[in-house]
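What follows is a single structure, and I will ask about it in a moment.
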Amino acid sequence: MNVIGAEKVALWYAIGIRSKYEKKSFEQLRSKGVDAYLPLIEEMHIWSDRRKKVIEPLFRGYLFVKTDLQNRIDILQTDGVIRFIGSGNRPTVIPEEQMEWVRTAAGQPSTTKRESYPALGERVMVVAGALQGVQGIIIRIKDSYRLVVSVECICQCFSVDVPPDVVQRVWA
């Protein structure tokens with residue numbers, strides 16, 4: 001049913017991208033006027049003869065678009081774009097809150113790193129500092145604590161350093 005004068009709302013969606021095409025697809029989408037977002041992090045790459053910090057996508061094979069889906073075909077016809085992430089022909093909306101978590105973490109690219117998607121763990125929320133309100137699973141690596149944050153619809157995670165005294169357990 002169409003309602004006269006009803007506006008479609010732009011929402012966040014993840015799109016699958018060909019390997020190594022994230023930056024190229026992002027630039028092409030932006031040049032088409034699409035509100036696209038590619039979170040980046042710094043990684044240390046080590047070769048036999050040198051070490052180098054490189055800027056890499058936080059989620060390999062994915063980037064995000066904010067759209068009302070009116071331009072869905074144009075997005076899908078962008079070089080490197082494979083598909084919208086979702087179930088069947090229905091793209092899955094990414095909650096604005098999760099996108100804000102990704103933006104906050106990507107704002108600290110030197111302390112954010114990729115993580116494998118956790119099967120088990122304790123869910124916590126950061127209660128103070130720059131990451132206040134971000135929810136995730138706390139893990140301990142050596143003597144430091146990291147917060148693993150999930151973007152559920154694409155089964156991807158990232159982690160950030162977090163002091164253990166600024167998190168509290170989230171009860172289901």
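The values are calculated or read from the model by the stated rules, or taken from the named source; none is laboratory data. All values reported here derive from a predicted model rather than from experimental measurement. Quick reminder, even Gly has a Cβ in these numbers, built from the backbone with ideal geometry, and neighbours come from all protein chains shown.
With the condition kept exactly as written, say whether any residue in the range 20-29 is small (Gly, Ala, Ser) and surrounded by 13 or more Cβ atoms within 10 Å (Cβ to Cβ).
Yes: one or more hits.
Name the one entry in Ile82, Ile55, Ile75 that is surrounded by fewer than 19 Cβ atoms within 10 Å (Cβ to Cβ), closer than 17 Å to Glu22 by Cα and either among the aromatic types (Phe, Trp, Tyr) or at pLDDT 95 or above (or both).
One residue alone meets the criteria, Ile82.
Take the range 8-55 and flag every residue that is touching a residue at least 24 places away in the same chain (Cβ under 8 Å), of a type in the set (D, E, K, R) and either closer than 20 Å to Glu96 by Cα or not in a strand (DSSP E or B) (or both).
Lys8, Arg18, Glu22, Lys23, Lys24, Lys32, Asp35
Condition first: at pLDDT below 85 and among the polar types (S, T, N, Q). Now tell me which residues in the range 91-147 satisfy that.
Ser116, Ser144
Please enumerate the residues belonging to the range 56-85 that are of a type outside the set (Ser, Thr, Tyr), part of a strand (DSSP E or B), under 18 Å from Leu29 (Cβ atoms) and over 10 Å from the mean Cα position of the chain (by Cα).
Residues of the range 56-85 that are of a type outside the set (Ser, Thr, Tyr), as a first pass: 56-61, 63-66, 68-77, 79-85.
With the extra rule that they be part of a strand (DSSP E or B), the set shrinks to 56-57, 63-66, 81-84.
Next, from what is left, pick out any that are under 18 Å from Leu29 (Cβ atoms): 57, 63-66, 81-84.
Within the range 56-85, Val65, Lys66, Val81, Ile82, Arg83, Phe84 qualify.
Another question about this same structure. Quick one: which residue in Arg18, Arg51, Arg90 is under 19 Å from the mean Cα position of the chain (by Cα) and outside the structural domain of Glu152 (by TED's automatic domain parsing)? It would help to see each step written out before you state the result.
Working: Arg51 fails: under 19 Å from the mean Cα position of the chain (by Cα); Arg90 fails: under 19 Å from the mean Cα position of the chain (by Cα).
Selected residue: Arg18, the only one of Arg18, Arg51, Arg90 that is under 19 Å from the mean Cα position of the chain (by Cα) and outside the structural domain of Glu152 (by TED's automatic domain parsing).
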